[in-house]
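S.K.: After the C-alpha cells below, expect a handful of questions from me.
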Amino acid sequence: MTLPPFRHGLPNDRPRPTILLVEDEPFVREATCSILQNAGFEVLPAEDAHDAMVVYKEHQWAIDLVITDMVLPGRTGEQLGEDLRQRSPELMVLITSGYGHLDCDDFEDNDQANQAVGKSRTCFLAKPYSRKTLLDKIEQMLGAETVALSRPAKQAG
C-alpha cells in the first residue's frame, strides 16, 4: 500500500523538490504533472516560455529543476533554459522533444563543479517517455538522495 504524498513537506520539515514544468500541449502537461505529483514532487506548470518566466520570477528560490518541451510557442526550450540560467546559473534543465533524438551529452555543460558532483545541468529526454524513464532522468539530474526524499513512503505488507 502506498501512502499519499506529503502535503506540507518531508520529515524534518524538508520541502519536496519543486519542478517547473513547461509544456504547451495540455494533455502532455496534465499527464506529466500527475506523474510528478504522484512521485512526490511539487509541480509548477506553465504552458509556454512567457508563463514559465512569470512562474520562475515568483518561485525561483524554490525551483530545483525545469522540465521544458523543446518546441514552444515563441521560444525554444533551449532558449528558455538560457534565459533562466541568466538569473540562476546553477539551475538544472531537462529538455524533452518528440523531434529527433539527442543525448544528455549534447547539452552537458562542461563546468568542472557539475562534473565533480556527477550532475549535468542540462539534459535531453526523447518523447514519448515512460514514467520510469522520466523519474530515472530526474534522479540522475537531481541526485538519488533528493529524489528518494520526495517519494512517498511505502508500507510493508
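Where a number appears in this text, it was derived from the coordinates with a stated rule and is not lab data. Since we're looking at a predicted model, the values are computed, not measured. All Cβ positions, even for glycine, are placed from backbone atoms using ideal geometry, and neighbour counts span all protein chains on display.
S.K.: Just need the relative contact order of region 11-86 here, percent rounded to a whole number, with Cα pairs under 8 Å and 6+ apart.
M.R.: RCO, region 11-86: 36 percent.
S.K.: Now, a different point. Provide V22, V28 in ascending order of the number of other Cβ atoms located within 10 Å of each residue's Cβ, fewest first.
M.R.: Fewest-to-most ranking of V22, V28: V28, V22.
S.K.: Starting from the amide H of L44, placed 1.01 Å from N in the peptide plane, find each other amide H under 5 Å away whose residue is 5 or more places distant or on another chain.
M.R.: Answer set, sorted by chain and number: I19, L20, L21.
S.K.: Across region 123-140, in residue order, what do the Karplus-derived ³J(HN,Hα) couplings come to in whole Hz, using 6.51 cos²θ - 1.76 cosθ + 1.60 with θ = phi - 60° and x for Gly and Pro?
M.R.: Calculated HN-Hα couplings, in order: 10, 10, 9, 6, 8, x, 10, 8, 4, 4, 4, 4, 5, 5, 5, 5, 4, 4 Hz.
S.K.: Please give the contour-minus-distance gain from A126 to K57: 0.36 nm per residue of separation, less the Cα-Cα distance, rounded to one decimal in nm.
M.R.: Between A126 and K57, full extension yields an extra 22.1 nm.
S.K.: Taking amide H positions as placed in the peptide plane 1.01 Å from N, state which residues far from T68 in sequence (5 or more) or on other chains have amide H under 5 Å from it.
M.R.: V22, L94, I95, T96
S.K.: Under the 0.36 nm per residue contour assumption, what length would be gained going from the current alpha-carbon distance of T76 and A31 to full extension?
M.R.: Between T76 and A31, full extension yields 14.1 nm more.
S.K.: Next question, about the same structure. Near the amide H of T122, under 5 Å away, which other amide H atoms are found, from residues 5 or more places off or on another chain, if H is placed in the peptide plane?
M.R.: So T122 has HN proximity to V93, D109.
S.K.: Karplus couplings for region 65-82 from phi (6.51 cos²θ - 1.76 cosθ + 1.60, θ = phi - 60°), rounded to Hz, Gly and Pro as x?
M.R.: 7, 10, 10, 9, 5, 5, 9, 10, x, x, 8, 8, x, 5, 5, 4, x, 5
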